[in-house]
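Read the structure below first, then the notes.
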Amino acid sequence: MGMFGPIGCGMWSLTPYDKCDFRCLYCCTKVQGTSKPAVAPGEFLPRLRQHLDDAPWLDLVIVGAFCDAYPPAEDRHGLTRRALEELARRKRRFVICTKSTSVLHDLDLLREHRFRCQVYISICSLDDEMLKQLDPGAPNAEQRLATLWTLHDAGIDARVNVLPWIPGITNTPALIARIPAESEIVLGPLAVGIDRDSMSLLGKRYTREEVNERYMAEYRRYGHIANTSWVRPSPPAPGENDPMYRLPRLAAPSAPPSASP
């Protein structure tokens, strides 16, 4: 996976590290492993500046689209911080995707650049015992929610990725209740991969058909909530369940008729 490259639709991926220590079992980008810089730290800024020179200024840069922007290696190398400094200097629009509390180390930069950036915190469950198995290297649920709220309270456009939504594991209403009403919540079904029709996770086999069926039932229950955004399930393809494609907002359920006096 390259350090910088086009995703399409006016978006570019910036990947400072080429592996992710969080080791999520459901990872669809196959980058789980020991984090290390995508390029030698001394080459990082010159390479990034060259890439940014070639990327149209109005295009969006996504930091951590395929590999978390803040693996533990960031504390040693600071490549994501350097990238944000360069993006801010150029007044570029960018999005950060992470599960890490370390994004708060860059709160000063984010606050100064808050009108051109968004931060997505990823979480698929509030059950810490489940999270220890699903993404064992990542912070627990309370730490991720506290990070979200700190960003939100600092005036940052902080959002939530519930990617993947997993049947029997993701408690949708409980998650919605813990997230600021102003923060967008993006939900998308578990992707099982283009080379198979099912995935085994924590001793259970999930078929694409079952996941999508239960996900759509959840959408019908909660798709009217104003700050939720639901990814449209798609057939197996390289962009399975592409977050670019969303289901329409549902109308709020009608109130039951009042009883006659």
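The values are calculated or read from the model by the stated rules, or taken from the named source; none is laboratory data. Computed from a predicted model, the values in this text were never measured in an experiment. Quick reminder, even Gly has a Cβ in these numbers, built from the backbone with ideal geometry, and neighbours come from all protein chains shown.
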Scan of segment 124-134 for residues that are under 16 Å from the mean Cα position of the chain (by Cα) and part of a helix (DSSP H, G or I), ordered by number: Leu131, Leu134
Filter pass, Leu25 being among the hydrophobic types (A, V, I, L, M, F, W, C), out of contact with any Ser or Thr (no Cβ under 6 Å at 6 or more places or on another chain) and either buried (at least 17 other Cβ atoms within 10 Å of the Cβ) or within 27 Å of Ala237 (Cβ to Cβ) (or both): yes
Condition met for Ile121 (part of a strand (DSSP E or B), in contact (Cβ under 8 Å) with a residue 24 or more places away in the chain and either in contact with a Lys or Arg (Cβ under 8 Å, 6 or more places away or on another chain) or surrounded by 24 or more Cβ atoms within 10 Å (Cβ to Cβ) (or both)): yes
Which listed residue, of Leu250, Leu175, is modelled with pLDDT of 95 or more and farther than 28 Å from Lys132 by Cα: Leu250
Subset of segment 12-21 [crowded, with 24+ Cβ neighbours inside 10 Å and either free of Cβ contacts under 8 Å to residues at least 24 places away in the same chain or among the aromatic types (Phe, Trp, Tyr) (or both)]: Tyr17
Single residue of Ala88, Ala83 found to be more than 24 Å from Gln133 (Cβ to Cβ) and surrounded by 19 or more Cβ atoms within 10 Å (Cβ to Cβ): Ala83
Answer from Ala226, Ala191 - the residue that is touching a Pro at 6+ places or on another chain (Cβ under 7 Å), within 21 Å of Val160 (Cβ to Cβ) and of a type in the set (Gly, Ala, Ser): Ala191
Set Thr80, Thr150: member being modelled with pLDDT of 95 or more, farther than 27 Å from Cys9 by Cα and β-branched (Val, Ile, Thr): Thr150
Helices (runs of 4 or more DSSP H) within segment 1-93 that include 2 or more residues farther than 21 Å from Phe115 by Cα: 41-54, 74-77
Scan of segment 105-118 for residues that are surrounded by fewer than 17 Cβ atoms within 10 Å (Cβ to Cβ) and in contact with a helix residue (DSSP H, G or I) (Cβ under 6 Å, 6 or more places away or on another chain), ordered by number: Leu109
Tally of residues being among the aliphatic types (A, V, I, L, M) and either touching a Phe, Trp or Tyr at 6+ places or on another chain (Cβ under 6 Å) or at positive phi (or both) across segment 74-114: 3
Hits in segment 133-158 (condition: among the hydrophobic types (A, V, I, L, M, F, W, C), out of contact with any helix residue (DSSP H, G or I) (no Cβ under 8 Å at 6 or more places or on another chain) and free of Cβ contacts under 8 Å to residues at least 60 places away in the same chain): Leu145, Leu148, Trp149
Inter-residue pairs, beta-carbon under 6 Å, first over 25 Å from Gly203 (Cα atoms) and in segment 159-179, second assigned to a loop (DSSP other than H, G, I, E, B) and hydrophobic (A, V, I, L, M, F, W, C), 6+ apart: Val160/Ile179
